[in-house]
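Chemist: Structure provided below as structure tokens; questions to follow.
What follows draws every value from the coordinates through simple rules; no lab data is involved. If you're wondering where the values come from, they're calculated on a predicted model, not measured in any experiment. Note that each Cβ is placed from the backbone with ideal geometry, even for glycine, and that neighbours are counted across all protein chains shown.
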Amino acid sequence: MPVSQWQYVNKVYKNRLKPLEIYPGVFFAMRGGVIMKLDVNKMVKIAVLAALGIVLMLALRFPLIPSAPHLEYDPADIPILIGGFMFGPVAGLVITVIVSFIQAVTVSAQSGWIGFVMHIIASGTLVLVASLIYKKVRTLKGAIISLVAGSLAMILIMIPANLYFAPKFGIPYEVVKAGLTVSVIPFNIIKTVLTSVLTMLIYKPLGRAFKRINL
């Protein structure tokens, strides 16, 4: 067994888990009589996608609406969606929280906890709706439907989210309300279209790349 797997088993023992069976990259452990499957390969892939989302979020940011330069697009939702498609909605939400936290303490530090929560609401809604649908219909048609549904859900949920959270930055409610149709909604439409198209283009090649490098 590779050293890394032995190290993982030792870690499992330290956490008072009792491994029952070991297969390449997959561990079974028991806690309180409940058998748990610990898929190292899956965890590595999720970590890679989270790291990719962080890199994209930090390295590539630009405004989409000239009148609202504070609304910046970044492609971090692409690996988040891919994670949701590959491993389900829970994995997608985990990646969302990781990327949102790093964003909140770096490029969006001025937004504080409000920006963190709003990012989770936006990206979390997108990946949750899309991955739930794709989990049931794993076809090209299902992918398209899931991305359209997730995009619509995100666009809609961000209307009340902006009305509630934006005034906490000191922006008058009426100004926020007026800005919905001229900046927020157009921004989210363009953002979700770009993200959906790029996800469709990258999803399969990235999956094949994972297989080639044994991830």
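Chemist: Consider Lys211 carefully, then state whether it is touching a strand residue (DSSP E or B) at 6+ places or on another chain (Cβ under 6 Å) and either basic (Lys, Arg) or surrounded by fewer than 16 Cβ atoms within 10 Å (Cβ to Cβ) (or both).
Modeler: Numbers: touching a strand residue (DSSP E or B) at 6+ places or on another chain (Cβ under 6 Å): no; either basic (Lys, Arg) or surrounded by fewer than 16 Cβ atoms within 10 Å (Cβ to Cβ) (or both): yes.
Spelling it out, it is not the case that Lys211 is touching a strand residue (DSSP E or B) at 6+ places or on another chain (Cβ under 6 Å) and either basic (Lys, Arg) or surrounded by fewer than 16 Cβ atoms within 10 Å (Cβ to Cβ) (or both).
Chemist: For the range 59-71, indicate whether the set of residues that are of a type in the set (A, V, I, L, M, F, W, C), assigned to a helix (DSSP H, G or I) and buried (at least 19 other Cβ atoms within 10 Å of the Cβ) is non-empty. Give the derivation first.
Modeler: Quick first cut of the range 59-71, residues of a type in the set (A, V, I, L, M, F, W, C) only: 59-60, 62, 64-65, 68, 71.
Keeping just the survivors that are assigned to a helix (DSSP H, G or I) gives 59.
With the extra rule that they be buried (at least 19 other Cβ atoms within 10 Å of the Cβ), the set shrinks to none.
The answer is no; no qualifying residue exists.
Chemist: Within the range 196-203, is even one residue under 22 Å from the mean Cα position of the chain (by Cα), in a helix (DSSP H, G or I) and without any contact (Cβ under 8 Å) to a residue 40 or more places away in the chain? Spell out the reasoning first.
Modeler: Filtering the range 196-203 down to residues under 22 Å from the mean Cα position of the chain (by Cα) leaves 196-203.
Keeping just the survivors that are in a helix (DSSP H, G or I) gives 196-203.
With the extra rule that they be without any contact (Cβ under 8 Å) to a residue 40 or more places away in the chain, the set shrinks to 197, 201.
Yes; the residues of the range 196-203 include at least one that is under 22 Å from the mean Cα position of the chain (by Cα), in a helix (DSSP H, G or I) and without any contact (Cβ under 8 Å) to a residue 40 or more places away in the chain.
Chemist: May I pose another question? Report the residue count in the range 97-148 for those that are closer than 22 Å to Ile189 by Cβ and not in a helix (DSSP H, G or I).
Modeler: 1
Chemist: Going through Ser100, Ser146, Ser131, Ser183 one at a time, which residue ends up being under 19 Å from Glu72 (Cβ atoms) and in contact with a helix residue (DSSP H, G or I) (Cβ under 7 Å, 6 or more places away or on another chain)?
Modeler: Values: Ser146 fails: under 19 Å from Glu72 (Cβ atoms); Ser131 fails: under 19 Å from Glu72 (Cβ atoms); Ser183 fails: in contact with a helix residue (DSSP H, G or I) (Cβ under 7 Å, 6 or more places away or on another chain).
Selected residue: Ser100, the only one of Ser100, Ser146, Ser131, Ser183 that is under 19 Å from Glu72 (Cβ atoms) and in contact with a helix residue (DSSP H, G or I) (Cβ under 7 Å, 6 or more places away or on another chain).
Chemist: For the structure I just gave you, tell me whether Gly142 is surrounded by 15 or more Cβ atoms within 10 Å (Cβ to Cβ) and not hydrophobic (A, V, I, L, M, F, W, C). Walk me through it before giving the result.
Modeler: Numbers: surrounded by 15 or more Cβ atoms within 10 Å (Cβ to Cβ): yes; not hydrophobic (A, V, I, L, M, F, W, C): yes.
Considered against the rule, which asks whether it is surrounded by 15 or more Cβ atoms within 10 Å (Cβ to Cβ) and not hydrophobic (A, V, I, L, M, F, W, C), Gly142 comes out as yes.
Chemist: Something else about it: Tell me which residues, restricted to the range 94-125, are closer than 12 Å to Ile80 by Cα and either touching a strand residue (DSSP E or B) at 6+ places or on another chain (Cβ under 8 Å) or of a type in the set (S, T, N, Q) (or both).
Modeler: Correct list: Thr96, Ser100, Ser123, Thr125.
Chemist: Here's something else I'd like to know. Being free of Cβ contacts under 8 Å to residues at least 24 places away in the same chain and of a type outside the set (A, V, I, L, M, F, W, C) is the filter here, so list the residues in the range 163-189 that pass it.
Modeler: Step one: of the range 163-189, the residues free of Cβ contacts under 8 Å to residues at least 24 places away in the same chain are 163-164, 166-167, 170-178, 180-181.
Correct list: Tyr164, Pro167, Gly170, Pro172, Tyr173, Glu174, Lys177, Thr181.
Chemist: Still on this model: Any residue in the range 110-127 that is over 21 Å from Pro160 (Cα atoms) and polar (S, T, N, Q)?
Modeler: Of the range 110-127, the ones over 21 Å from Pro160 (Cα atoms) are 110.
Then drop every residue that is not polar (S, T, N, Q), which leaves 110.
The answer is yes; a qualifying residue exists.
Chemist: Inspect all residues belonging to the range 177-198 and state whether any of them is in contact with a strand residue (DSSP E or B) (Cβ under 8 Å, 6 or more places away or on another chain), among the aliphatic types (A, V, I, L, M) and under 24 Å from Val97 (Cα atoms).
Modeler: So far as the range 177-198 goes, yes, one or more of its residues are in contact with a strand residue (DSSP E or B) (Cβ under 8 Å, 6 or more places away or on another chain), among the aliphatic types (A, V, I, L, M) and under 24 Å from Val97 (Cα atoms).
Chemist: Please specify each residue of the range 60-77 satisfying the condition of being of a type in the set (A, V, I, L, M) and farther than 15 Å from Gln103 by Cα.
Modeler: Listed by number, the residues that qualify are Leu64, Ile65, Ala68.
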